[in-house]
Amino acid sequence: MRQVSVNRLQKGDVLGRTIFSHNGRSLLGKGVTLTQPYIDRLKELGISIVYVDDDETKDIVIEDVISEENRREAMNSIEHSAEAVRIGKDLNGFQVKKTVNNIIGDVLFQEKIFLSLTDMRSYDNQVYAHSVSVCVLATILGKALGLDKDTLEALAVGALLHDIGTVKLPNELVAKREAFTPKENDLYKMHTVHGFEILRNKPELNLLSAHIALQHHEWLNGNGYPRKLSGRHLHVLAQIVGLADFYDNLVNDGPGHSRIVPHEACEIVMGCANKLFSQQLVVTFLKHVAAYPTGCTVKLNTGEVGIVVDQNKSLPMRPIIRILIADKGLAHVRAKEYNLVEDLTTFIVSIVE
């Protein structure tokens, strides 16, 4: 399986992973052979990245950290929570806790976790898919930092609902992809306060989850919002969710911004150590995220183009690359692989999208 930009899809490509809608329903199933109308529809939906299966990459396994069922349930849970708040009802905190405990169970079950899957997001599910991804990443970081089960639950609930306050904002603001005006930016910043107010009075939820919603845009240097907290005044759980949110916003389209590739996002995160986030948190984060996700196509300094087929978890910037070479006059493709930990003079120049 390999990762492909929708702009490079061709008729006859076979979808390698199911694409879901905002409520967790299947939009297009794994194994579907893509036709031109399907490809055009994917572009209309705003999906930028998909996974395809072919003979040359069928042995490449790209596993999600959580099960497909639990990811669908989490997207459904956040949608129901948002809709409840939107129409003036209470969100079901017990259902949210059940959802996040399934995610925690998946994360705790795995001994070593390395995040290498890129989300396939459409315009209609970006907000919900973002919330689920932040929850997964925050839970991974929480586990790595040795948090106990109760604290992990409070963290995961706060992560899943960290943006619940956006429900109180105008739809056109949340859906906007261009840069915000100063007035729009001030309005958007209020989602942290709205989120705190929504969650603080839910007796079945830990109050820490409400403070995560309030503080997830606060920075170590005091330049965050809404209260410009700094240093020891920031709660560590809010910092965890803040970093997960920061990274996921970098690598995916979102309100007021467009995405960048993962290795560039990792470089930005590195530069945030002891400025926006603690150094310990940044170091832990970078140990669990692939700078070059498995399945993506990259260009090397040798001039060759290949596919990332595996990771060196001790050195995430140096994965294993497979170069596919069509033998002249023969009807097959042979492969050459570079392990960038061993091939010290070979390095990645760029991700090819």
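So which chymotrypsin sites (Phe, Trp or Tyr not before Pro) in the stretch 55-125 end up in coil per DSSP with only 15 or fewer other C-beta atoms within 10 Å?
Sites meeting the loop and neighbour criteria: Y123.
How long is the gain from S5 to R200 if the chain were fully straight, where each residue apart is worth 0.36 nm and the alpha carbon distance is subtracted?
66.1 nm
Under a point spin-label approximation (7 Å from Cα along Cα-to-Cβ), what is the D40-R227 distance to one decimal in nm?
Distance between the two pseudo-spin positions: 5.4 nm.
May I ask you to list the trypsin sites (Lys or Arg not before Pro) in the stretch 42-91 that are in a DSSP loop and have at most 11 other Cβ atoms within 10 Å of their Cβ? Walk me through the numbers on the way to the answer.
Numbers: sites: K43, K58, R71, R72, R86, K89; in loops: K58, K89.
Answer in residue order: K89.
Placing unit charges on C-beta atoms (Lys and Arg positive, Asp and Glu negative, everything else neutral), compute the dipole magnitude of the chain about its Cα centre in debye, rounded to 20. Kindly include the intermediate steps, with their values, before the conclusion.
On the way: 39 positive and 43 negative charges, 109 e Å.
With Lys and Arg at +1 and Asp and Glu at -1, about 520 debye.
State to the nearest 20 debye the size of the charge dipole of the stretch 1-112 about its Cα centre, where the only charges are +1 on K and R beta carbons and -1 on D and E beta carbons. Mind dumping the intermediate values first?
Values: 16 positive and 18 negative charges, 81 e Å.
About 380 debye.
Using a Cα-Cα cut-off of under 22 Å, which lysines could be cross-linked to K11, ignoring same-chain neighbours fewer than 8 residues away?
K30, K43, K58
Would you kindly state how much longer the chain becomes between D253 and L145 on full extension, computed as 0.36 nm times their sequence separation minus their alpha carbon distance, in nm to one decimal?
Gain on extension, D253 to L145, equals 36.0 nm.
Loop-only GluC sites (Glu not before Pro) in the stretch 196-259, please: DSSP not H, G, I, E or B, and at most 15 other Cβ atoms within 10 Å. Don't skip to the end; give the middle numbers.
Details: sites: E197, E204, E218; in loops: E204, E218.
Loop-located and lightly packed - E204.
So between S26 and E83, what do we pick up on full extension, going 0.36 nm a residue minus the alpha carbon distance?
18.5 nm
Please report the relative contact order for the chain, taking Cα pairs under 8 Å with a sequence separation of at least 6, and give it as a percent rounded to a whole number.
Details: 645 pairs, mean separation 49.8, N = 353.
Relative contact order here is 14 percent.
Please give the FRET efficiency for S67 paired with K183, using the beta carbon to beta carbon distance and R0 = 30 Å, rounded to the nearest 0.05.
About 0.10, to the nearest 0.05.
What is the percent carbon and sulfur in the accessible area of the stretch 124-167, measuring with a 1.4 Å probe over the protein chains and ignoring ligands?
48 percent
Helix 68-86: angle to the longest alpha-carbon principal axis of the chain, degrees 0 to 90, nearest 10?
Once rounded, the angle reads 40 degrees.
The values are calculated or read from the model by the stated rules, or taken from the named source; none is laboratory data. All of these numbers come straight from a predicted model, not from anything done at the bench. Cβ: placed from backbone, ideal geometry, glycine included. Neighbour counts: every protein chain shown. Just the protein is used for accessible areas: all its heavy atoms, side chains included, with ligands, DNA and RNA removed. Shrake-Rupley method; radii C 1.70, N 1.55, O 1.52, S 1.80 Å.
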